[in-house]
Amino acid sequence: MKKSFELCRIMSFILVFIFSLSFSLQASPYDAMEIIINDRFIKNSPKTVLINDVVYIPLSQLQDNLGIKVYFQEDDRSYRIYWWSNLLYINKEKNIIMVNNEYKAHEHAVEIINGVLYIPEDMLVEILGFRIEKIDSVKGFRIITNDKVVTAEELLKMREEEKKAKPAIGKYNGPKVAYITFDDGIVRGNSEKILDILREKNVKATFFVLGNTISRNQDILKRMAEEGHSIGNHSYSHRKEIIYKSSDSLKNEIDKTSDLILETIGKAMYLFRPPYGSKIIKGQNYQKVLKDYKVILWNVDSNDSRVKDIKAEQIYKNVVAQVQNKRSAIILMHETKTESVKALPLIIDYLIESGFEIKAIEEDEVISYK
């Protein structure tokens with residue numbers, strides 16, 4: 001009897017093991033897949049994750065590749081995703097999803113994993129309007145945003161040809177420059193600490209300030225100018241629906257901020273960073289408004305405004321990872337983020353040790369994004 005019971009127990013264990021193995025083999029083609037956007041494999045691609053048999057995509061890590069912007073709002077702990085002319089609002093804690101202010105029911109909830117926003121694959125299709133394709137031969141998850149793309153077979157052939165033709169690239173060891181830039185100021189408390197760190201390290205930075213913060217913080221703006229930092233215009237309100245409503249609206253936002261800067265420091269400044277890095281300013285009417293300004297974007301994103309509850313250590317790691325082999329690093333940070341203030345000394349020390357010359361951006365300077 002005892003032997004029979006032991007035999008049954010062993011057989012049960014084997015059956016459970018076989019079932020588990022079968023399930024894992026079945027699920028594996030759709031777990032941790034490489035991301036492909038249109039006709040391009042993403043370099044050092046983040047991977048998908050499988051949650052309750054549903055594929056989830058790390059949206060906040062793919063925003064630059066997909067041409068969207070993902071912002072985490074601390075006030076209500078929500079995400080705002082801008083794409084084309086649309087706004088997707090996600091509040092996981094309150095289980096709210098809205099598109100252009102209209103509530104949307106959705107079967108699967110979004111997930112936050114290590115501060116990264118993941119959305120289920122059907123949300124890519126049903127809400128963002130993209131197409132998807134799974135390519136099992138390379139364990140790839142393809143997101144299609146263009147009207148026309150090559151077939152999966154052609155895509156794989158292109159990849160093989162690229163591997164054969166691609167020459168080895170050596171590490172760049174020439175002169176390197178880094179520009180540390182801060183958006184969304186002035187923020188009393190954080191701004192003074194940033195200035196203290198920069199003075200201690202004998203480093204100059206560039207501050208893109210909001211016009212609606214100047215009147216109550218004129219002493220800080222004067223200190224920025226007096227200590228040799230560059231000051232740029234970042235609009236008056238930082239409200240996308242106002243700034244980009246029309247070229248006249250953009251002009252009004254810039255002019256109000258420009259007047260306040262001139263009134264405070266006695267000098268007109270002609271650096272401009274468009275809030276949200278909006279592509280709309282490429283339009284002809286917008287370009288006329290900006291004809292006297294030097295528009296500054298970035299090529300290193302600390303992700304301090306995009307990743308929920310991000311810590312100083314991760315901000316530092318994000319910058320370090322992105323400045324590798326760059327000749328010119330334009331680093332995006334935000335005065336609103338206390339963790340960025342904590343990360344700043346580490347970032348400065350790393351840049352100096354890595355041979356970067358740290359400079360403020362000058363209006364007559366030619367800026368490279370390579």
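The values are calculated or read from the model by the stated rules, or taken from the named source; none is laboratory data. What you see is a predicted model; the values in this text were computed from it and never measured. Please note: Cβ atoms are built from the backbone with ideal geometry, for glycine as well, and neighbour counts cover all protein chains shown. Heads up: the accessible areas ignore ligands, DNA and RNA and are worked out on the full protein's heavy atoms, side chains in. Shrake-Rupley method; radii C 1.70, N 1.55, O 1.52, S 1.80 Å.
Here the condition is being open to solvent by 20 Å² or more (accessible area, probe 1.4 Å) and either within 19 Å of the chain's Cα centre (by Cα) or not charged (D, E, K, R) (or both); of K288, K308, K267, K294, it holds for K308 alone. Just so you know, in the stretch 213-258 the residues that are closer than 22 Å to K201 by Cβ and under 26 Å from the mean Cα position of the chain (by Cα) include one that is surrounded by the most Cβ atoms within 10 Å (Cβ to Cβ), and it is G232. For F207, the conditions (1) at pLDDT below 90; (2) under 16 Å from S340 (Cα atoms) are fulfilled apart from (1).
Across the stretch 270-285, which residue is most open to solvent (accessible area, probe 1.4 Å) among those that are in contact with an Asp or Glu (Cβ under 7 Å, 6 or more places away or on another chain) and not basic (K, R)?
Y270
Residues of the stretch 71-86 that are open to solvent by 60 Å² or more (accessible area, probe 1.4 Å), of a type outside the set (S, T, Y) and over 19 Å from I310 (Cβ atoms): W84 alone. Within the stretch 218-249, the set of residues being out of contact with any strand residue (DSSP E or B) (no Cβ under 9 Å at 6 or more places or on another chain), farther than 22 Å from D196 by Cα and in a helix (DSSP H, G or I) comprises I242, I243, S247, D248, S249. Scanning the stretch 75-100 for residues that are closer than 19 Å to R239 by Cα, part of a loop (DSSP other than H, G, I, E, B) and in contact (Cβ under 8 Å) with a residue 12 or more places away in the chain yields D76, R77, N100.
Taking every residue in the stretch 37-51 that is part of a strand (DSSP E or B) and pairing it with any residue that is of a type in the set (D, E, K, R) and open to solvent by 40 Å² or more (accessible area, probe 1.4 Å), at least 6 positions away or on another chain, the pairs with Cβ-Cβ distances below 7 Å are F41/R159; L50/D31; I51/E111. When you look at L198, is it in a helix (DSSP H, G or I) and open to solvent by 30 Å² or more (accessible area, probe 1.4 Å), yes or no? Considered against the rule, which asks whether it is in a helix (DSSP H, G or I) and open to solvent by 30 Å² or more (accessible area, probe 1.4 Å), L198 comes out as no. Keeping to the stretch 315-370, report how many residues are farther than 19 Å from N190 by Cβ, open to solvent by 10 Å² or more (accessible area, probe 1.4 Å) and assigned to a helix (DSSP H, G or I). Residues meeting the conditions: 8.
Of all residues in the stretch 57-70, those satisfying the criterion of being open to solvent by less than 10 Å² (accessible area, probe 1.4 Å) and under 16 Å from R142 (Cα atoms) are I57, P58, L59, L62, Q63.
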